[in-house]
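Reviewing the structure listed below.
Rule-based calculations on the coordinates, nothing more; no lab input. Here the structure is a predicted model, which means the values were calculated and not measured. Virtual Cβ from ideal backbone geometry, glycine too; neighbours counted across all protein chains shown.
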Amino acid sequence: MALPLDPTVPLAGILLILLLVWLTGGSRHARLAGGHDAAALLAAPETGFTTSDIAVSADGDCAIARDPAGHVAVVFASGAKLAARRLRPAEIVAVTLSAGEDGHAVLAIRTTAFTHPDFTLRLARTAAEDWQRHLAEMPA
């Protein structure tokens, strides 16, 4: 004897799973509170980056930093965590600057990296221009 399948049972199960993910913070997105967060992450032993200059995007999604020798690293949101990595001149494909909202300039960095290849920072126009120049002059 075949039992009839109620189509609401699978739908209710899916909705219950989505509700549990939402309630447990599964949709959280990490944000940088300021330059000190980014500098601390970059100074960690895994990255070992000494920050001399840092800029945090207005939306808190990304930060860019430079060391005294002119090397550049980025800190970015990766889901609910923050990640950091150095940028090498050979992996940078393009650096563009465009007008953004609220008077900010948008600095877009495209790289050849497999994971998280693109970075977008909303900065003051002069800061964005300075970082565009730093990226062009970065030592190997």
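For the pair region 107-136 and region 35-101, the centres of their Cα atoms are 9 angstrom apart.
Packing around the peptides 88-95, 125-132, taken as the average count of other Cβ atoms within 10 Å per residue, puts them in this order, highest first: 125-132, 88-95. Is the shape of region 35-136 best called rounded, prolate or oblate, per the rule: a/c under 1.5 gives rounded, else a/b larger than b/c gives prolate, else oblate, with a ≥ b ≥ c the square roots of the Cα gyration tensor eigenvalues? Note, shape of region 35-136 comes out rounded.
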